[in-house]
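See structure below.
The values are calculated or read from the model by the stated rules, or taken from the named source; none is laboratory data. Keep in mind it's a predicted model, so treat the numbers as computed, not measured. Every residue, glycine among them, receives a Cβ derived from its backbone with ideal geometry; neighbour counts consider all protein chains shown. These area figures cover heavy atoms from the full protein model, side chains too; ligands, DNA and RNA do not enter into them. Shrake-Rupley method; radii C 1.70, N 1.55, O 1.52, S 1.80 Å.
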Amino acid sequence: MTTLARSPLVSKSASLHEVEFGFDVERVRADFPILHQQAHGHPLVYLDNAATSQKPKAVIDAIVNYYEGYNANIHRGVHYLSERATAEYEAARKVIGQFINAARPAEIIFVRGTTEAINLVAQTYGRASVGEGDEVLITAMEHHSNIVPWQLLCQEKKAKLRVAPINEAGELILAEFEKLLGPPTKIVGVGHVSNALGTVNPIATIVKMAHAKNIPVLVDGAQAVPRMPVDVQALDCDFYTFSGHKTYGPTGIGVLYGKLPLLEAMPPYQGGGEMISSVSFEKTVYNKVPHKFEAGTPDISGPIGLRAAIEYLQRLGMDNIARHEHQLLSYATEQVSKVPGVRLVGTAKEKAGVLSFVMEGVHPHDIGTILDQEGIAIRTGHHCAQPVMTRFGLDATARASFGLYNTKEEVDALVRGLEKVREVFA
Ligand SMILES: Cc1ncc(COP(=O)(O)O)c(C=O)c1O
């Protein structure tokens, strides 16, 4: 790992604190136009990064350049603009594939986001391989997008959705998970980082356990890819999914990674243009992977914007980003726990980016509303993970989630805001 004092990302004016907290965060913040505004008369403190992250200027510029410079439909034009747009779209696939260390660009399928990626796998791989009496195994900490697509599949196929339990800290109980892997298990779906608890799951171990029984594993990486280096070959997972908008890229674009032999064997998801190599009324021959899964005109500016986001992250270094967020999370955990009446929800040993909590006698919604008046954006509710709330006997939590541009001072502002909440409800 590079020493921060020598990192080109640390400007001469960087204070010791900034260096300790990963990189020159003020310089990073300058790249995000949206952060420099007031909310309700206070400097905006954006701590809702698990919902969506803000976009650096490089991403905004890449999208503007596309629409101003080379907007055209791709893959089917012989003219200059179309060839350029196609080249950029396919170049984005290559950069994005390398970012998660996919073995080939063809293993990267562009979709709308994590939700669509999981639905795609459930409706193609799932429908082809899950039958009556079979099982799909997930965990008790999944986001609704890694529950409902499997539920739909299980209903259709008369299969069973099994759920591996978590402990009081919000960690997957690996021994129980392993016991649930059996001959009826046709696929495992597991989150890399829980959006409601912050827990980081030991994916490589989970994959080994499943593969020992020849069961493929889909990983929901929506909260992991923006926060830590991800290497799909090292994890050896069969499918990996993430969303552009949580990765400092645009909305409307996401990625499904799949191992090529699996993708090649899978039936298509949607029918239409682009996903075919020939069509007659009698028979359609499908296009090669990845185009087989990208029916119709895709979101062209999306991959171009996401590529810019990824190149931005690569310039900062994913190790630096992970360390910065880890230090912020440790500091926030320490400071927020000191606020009287606050209880953290999710205290796993391995956590990333997310601090969920409740406050005695105050509904999380009220916490969010009062903090908003102080210019602080957090999220309150069930975070699309209602079974997690049920597991902890709650209907909602307040959640602060960190991004690469957040600072220690913003954590201090959050703590001051929480003191204010206490005063209001005293
Ligand atoms: C862990 C996790 N999985 C899946 C999703 C769904 O992502 P998207 O709405 O971008 O499809 C989210 C979004 O909050 C998430 O946090």
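Which residue is nearest to the ligand (Cβ to nearest atom), if the candidates are limited to the stretch 35-80 and must be among the aliphatic types (A, V, I, L, M) and open to solvent by 60 Å² or more (accessible area, probe 1.4 Å)? Among residues in the stretch 35-80 that are among the aliphatic types (A, V, I, L, M) and open to solvent by 60 Å² or more (accessible area, probe 1.4 Å), the one nearest to the ligand (Cβ to nearest atom) is 60. Just to be sure, is residue 396 within 23 Å of residue 171 (Cα to Cα), touching a Gly at 6+ places or on another chain (Cβ under 7 Å) and at pLDDT 95 or above? So residue 396 passes the test.
Within the stretch 400-419, residues that are part of a strand (DSSP E or B) sit with their Cβ atoms under 7 Å from residues that are among the aliphatic types (A, V, I, L, M) and at pLDDT 95 or above, at 6+ positions apart or across chains, in these pairs: 400/47; 400/332; 400/355; 400/378; 400/414; 401/47; 401/50; 401/354.
Yes or no, residue by residue, for (1) open to solvent by less than 40 Å² (accessible area, probe 1.4 Å); (2) within 16 Å of the ligand (Cβ to nearest atom); (3) closer than 23 Å to residue 56 by Cα; (4) among the hydroxyl-bearing types (Ser, Thr, Tyr):
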{"residue": "322", "(1), (2), (3), (4)": "yes, no, yes, no"}
{"residue": "330", "(1), (2), (3), (4)": "no, no, no, yes"}
{"residue": "357", "(1), (2), (3), (4)": "yes, no, no, no"}
{"residue": "403", "(1), (2), (3), (4)": "yes, yes, yes, no"}
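Looking at 93, 112, 127, 104, just one residue is touching a residue at least 12 places away in the same chain (Cβ under 8 Å), within 16 Å of the ligand (Cβ to nearest atom) and of a type outside the set (Asp, Glu), and that residue is 112.
Among the residues making up the stretch 99-118, those that are open to solvent by 20 Å² or more (accessible area, probe 1.4 Å) and among the small types (Gly, Ala, Ser) are 103, 106. Find the residue count for the stretch 243-258, including only residues that are more than 10 Å from the ligand (Cβ to nearest atom) and closer than 17 Å to residue 291 by Cβ. Number of matching residues: 4. Considering 187, 147, the condition of being away from the ligand (no atom under 12 Å from the Cβ) and either surrounded by 16 or more Cβ atoms within 10 Å (Cβ to Cβ) or among the basic types (Lys, Arg) (or both) is satisfied by 187 alone. Per the conditions (1) open to solvent by less than 30 Å² (accessible area, probe 1.4 Å); (2) within 16 Å of the ligand (Cβ to nearest atom); (3) over 21 Å from the mean Cα position of the chain (by Cα), the sole criterion not satisfied by residue 152 is (1).
Scanning the stretch 243-291 for residues that are in a loop (DSSP other than H, G, I, E, B) and hydroxyl-bearing (Ser, Thr, Tyr), which turns out surrounded by the most Cβ atoms within 10 Å (Cβ to Cβ)? Outline the logic, then answer.
Kept after step one, since they are in a loop (DSSP other than H, G, I, E, B), are these residues of the stretch 243-291: 247-253, 259, 266-275, 280-283, 287-290.
With the extra rule that they be hydroxyl-bearing (Ser, Thr, Tyr), the set shrinks to 247-248, 251, 269, 280.
Numbers: 247: 27, 248: 29, 251: 16, 269: 21, 280: 7.
Filtering first and then ranking leaves 248.
Restricting attention to the stretch 207-242 and to residues that are basic (Lys, Arg) and either assigned to a loop (DSSP other than H, G, I, E, B) or within 10 Å of the ligand (Cβ to nearest atom) (or both), the residue that is nearest to residue 299 (Cα to Cα) turns out to be 227. Identify, please: which residue in the stretch 168-184 is assigned to a loop (DSSP other than H, G, I, E, B) and out of contact with any strand residue (DSSP E or B) (no Cβ under 7 Å at 6 or more places or on another chain) and is, among those, nearest to the ligand (Cβ to nearest atom)? Per the stated criteria, the residue is 169.
For the stretch 375-394, a residue qualifies if it is within 13 Å of the ligand (Cβ to nearest atom), part of a loop (DSSP other than H, G, I, E, B) and open to solvent by less than 30 Å² (accessible area, probe 1.4 Å), and the qualifying residues are 383, 385. It is to be established whether one or more residues within the stretch 366-377 are charged (D, E, K, R) and in contact with a Lys or Arg (Cβ under 9 Å, 6 or more places away or on another chain). Scanning the stretch 366-377 turns up at least one residue that is charged (D, E, K, R) and in contact with a Lys or Arg (Cβ under 9 Å, 6 or more places away or on another chain). The one condition from (1) within 18 Å of residue 227 (Cβ to Cβ); (2) small (Gly, Ala, Ser); (3) in contact (Cβ under 8 Å) with a residue 12 or more places away in the chain that residue 330 does not meet is (3).
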